[in-house]
Amino acid sequence: MHAPATATTIDKDALRAKYAEERDKRLRAEGSSQYLRLEREFAELAADPYTPITPREPLTDHVTFAFIGGGFAGLVVGARLKQAGITDVRIVEKGGDFGGTWYWNRYPGAQCDTASMIYMPLLEETGHMPSEKYAHAPEIRNHCSRIGETFGLYDKALFHTEVTGLEWNEGDKLWTVRTNRGDAFAAKYVGMGTGPLHVAKLPGLPGIETFKGKAFHTSRWDYAYTGGNPEGAPMTGLADKRVAIIGTGATSVQAVPHLARDAKELYVFQRTPSSVDRRDNAPLDDDWFASVAEPGWQRKWQDNFAANLGAGFPAEDLVNDGWTDLAKRMRANLRTVPPSEWTPARMMAAFEDADYEKMEQIRRRAEELVNDPNTADDLKAWYRQLCKRPCFHDEYLQAFNRPGVKLIHTDGQGVSAITEKGVMANGTEYEVDCIIYASGFEISTDYVARAGFDAVGRDGRTLSEYWGGGMRTLHGLHINGFPNLFMVQPAQAANFIANVPHNIVDHADTIASVVSAAEQRGAQTVEPTAEAEQAWLDLLRTGPARAIGSTECTPGYYNNEGKGWGEDAPLFVGHPGGALAYFAHIDAWRKSGRFEGLEFT
Ligand code: NDP
């Protein structure tokens, strides 16, 4: 065992230089355009392998509230609306059931990375107790169905349906929602919660269309080919197969231990290693749950987690995991400095020191768990922890000790081509029977391109035109010129990325109270004023820069593949006082009943 690395024993200049060198190897001029969508010649890879499509007639009716997207956002908004007495709610979802990312991602080992107690929404409302601290995907998908059933959201839902158009009609003060199933129905209010992880991408590799074996993306797992199931049963179909998995992000980290167990041979193609800290998953037992589950417990836990990731000094850490550990280290470091010296520069230095210590610990973990020293070295992540999505797993690194598993480290260059027979990397062709693309999702592309439609608001102005100079909202939710429309996403609000459902539940509370107020007042429209929107943006600009997404980081979707966010960077932020300040602000705003900044007509 090594002595623990501390800020004083770490050669920070050497580390900074190493991080910069590793980043530079990976910078690619093409940025996000290095990737391909699952369309045209790859459209087959996008097909839903889980649920057959049911034919139905197009709809031309009217609903009070239409929500685009049936993931956590649509489910939680739908639930809150129903609780508020708005019962005429239709969710439109491109998958064959509710779940969003949890509908599509059924790869073996899929599991939440944030503790179930704060991650799985509406646990109190549905009476569900998660079975583990980090629940696996089938349980989360079932929970989505549970929310849908508990709140009667299945009745009007449209599955396997993609919205293709959304237009505001000033005459009748209604939205027209058009879909790829020929629907053109009217809705008084519309919510948009299309999420960041629904457009799967492939690496744009030469020859990718020529491969003669089996290929699929991790979000379209083909159990008919691999055998096994999302619950983790052995994938007997792989027992005689040579399998390649391309990518080593959060998805691959969870899938690799299962592939390592079941495939005859497994090649893991790595461009950038993930930082893989300990997971420490554990079953949750009834007695423990009963001891915490007093009314309001989930919100209390969510707030406590947010407080532990914030700048304050909370008295307790209820979740107590890898996410809160980094913040705790930073606070411990700050405690050594008198409060009078807590300048922004000093805070950043404390953050950097805590980060170096944490990453040294994670790199040593690779040395301790991986038998072959070269493989262990290749699995070390050389960047600050929040440059890439932090990963947590107790079996990933050990998977490389299995005889059939080979890490193909490409030293930042990645796979160079796909051939008829397999994968080219480092000048070698690796012949395989199956290629699994763990290459992620479009996250850095613009909202309209990802959503697949461009909302047309008042006076025919489109959302892409309105946001041509950057995203503009009030509270991350309302958009001037787009009456009765609500966005459910974290930016320009709490922007709390470590537990996205916390943002969603809070937005759902706001939407339900605004819609209830509009209905009680007999209003036809509710819309933010241009002044309120501008004042909100002015407030956002007074805050610190984005905590993640620096161009000093190794490229990835956090920093737009190394290109940064340019002039948009100050717009992809949260409340200047942090996530809890936003939640407190919006809670008071809702409770006041005045809904300052909104106009009801
Ligand atoms: P990512 O975008 O994180 O990872 C894609 C991977 O593909 C990266 O390792 C990337 O390398 C690699 N890659 C791309 N092109 C090439 C190439 N030419 N050769 C070799 N490798 C290549 O996608 P994931 O699906 O892993 O995760 C996406 C997000 O989904 C996560 O960040 C997380 O937010 C979420 N997620 C959450 C989970 C949870 O909560 N439990 C579980 C899984 C995912 P490079 O890093 O060099 O770009």
Worksheet item: In the stretch 180-197, is there at least one residue being of a type in the set (S, T, N, Q) and within 16 Å of the ligand (Cβ to nearest atom)?
Response: yes
Worksheet entry | Members of the stretch 517-557 that are in contact with a Gly (Cβ under 8 Å, 6 or more places away or on another chain) and of a type in the set (Ser, Thr, Tyr) | Thr529, Ser550, Thr551, Thr554, Tyr557
Discussion item. I'd like to know if the stretch 501-518 contains one or more residues that are buried (at least 22 other Cβ atoms within 10 Å of the Cβ) and either modelled with pLDDT under 95 or over 29 Å from Gln298 (Cβ atoms) (or both).
Written reply: no
Practice prompt. Please note which strands (runs of 3 or more DSSP E) are completely contained in the stretch 155-244 and include at least 1 residues that are within 22 Å of the chain's Cα centre (by Cα) and not aromatic (Phe, Trp, Tyr).
Written response: 163-169, 184-192, 201-203, 214-217
Item to complete: Please work out which one of (1) within 29 Å of Ala455 (Cα to Cα); (2) modelled with pLDDT of 95 or more is the condition Phe42 fails and give its number.
Response: (2)
Item to complete: Taking only the stretch 129-156 into account, find how many residues are over 29 Å from Phe65 (Cα atoms) and hydroxyl-bearing (Ser, Thr, Tyr).
Response: 2
Discussion item. Of the conditions (1) of a type outside the set (Lys, Arg); (2) modelled with pLDDT under 95; (3) part of a helix (DSSP H, G or I), Thr551 satisfies every one except a single condition; which number is it?
Written reply: (3)
Practice prompt. Pick out the one residue from Asp372, Asp355, Asp377 that is away from the ligand (no atom under 16 Å from the Cβ) and without any contact (Cβ under 8 Å) to a residue 12 or more places away in the chain.
Written response: Asp377
Worksheet entry | Among residues of the stretch 242-257, those that are within 6 Å of the ligand (Cβ to nearest atom) and touching a Cys at 6+ places or on another chain (Cβ under 7 Å), counted | 1
Worksheet item: Among (1) without any contact (Cβ under 8 Å) to a residue 40 or more places away in the chain; (2) in the same structural domain as Lys563 (by TED's automatic domain parsing); (3) away from the ligand (no atom under 16 Å from the Cβ), which single condition is Ala79 missing?
Response: (1)
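Test Ile245 against the stated conditions and say whether it is touching a strand residue (DSSP E or B) at 6+ places or on another chain (Cβ under 8 Å), among the β-branched types (Val, Ile, Thr) and closer than 10 Å to Ile436 by Cα.
So Ile245 passes the test.
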Practice prompt. Kindly indicate whether Asn401 is in a loop (DSSP other than H, G, I, E, B) and away from the ligand (no atom under 13 Å from the Cβ).
Written response: yes
Worksheet item: Looking only at helices (runs of 4 or more DSSP H) that fall completely inside the stretch 246-340, which ones have 1 or more residues that are over 29 Å from Gln398 (Cβ atoms)?
Response: 286-292, 297-309, 322-335
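Could you grab me the full set of residues in the stretch 20-30 that are of a type outside the set (D, E, K, R) and more than 11 Å from the ligand (Cβ to nearest atom)?
Ala20, Ala29
Quick check on Pro544: is it loosely packed, with under 15 Cβ neighbours inside 10 Å, touching a residue at least 60 places away in the same chain (Cβ under 8 Å) and not in a helix (DSSP H, G or I)?
For Pro544, the condition - loosely packed, with under 15 Cβ neighbours inside 10 Å, touching a residue at least 60 places away in the same chain (Cβ under 8 Å) and not in a helix (DSSP H, G or I) - is met.
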Item to complete: With respect to Ala345, determine if the residue is closer than 22 Å to Ala14 by Cα, of a type in the set (Gly, Ala, Ser) and either surrounded by 17 or more Cβ atoms within 10 Å (Cβ to Cβ) or modelled with pLDDT of 95 or more (or both).
Response: no
Worksheet entry | Qualifying strands (runs of 3 or more DSSP E) (wholly inside the stretch 411-486; at least 2 residues being within 16 Å of the ligand (Cβ to nearest atom) and buried (at least 22 other Cβ atoms within 10 Å of the Cβ)) | 422-425, 434-437
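The values are calculated or read from the model by the stated rules, or taken from the named source; none is laboratory data. All values reported here derive from a predicted model rather than from experimental measurement. Don't worry about glycine lacking a Cβ; one is built from the backbone with ideal geometry, like all the others, and counts go over all protein chains shown.
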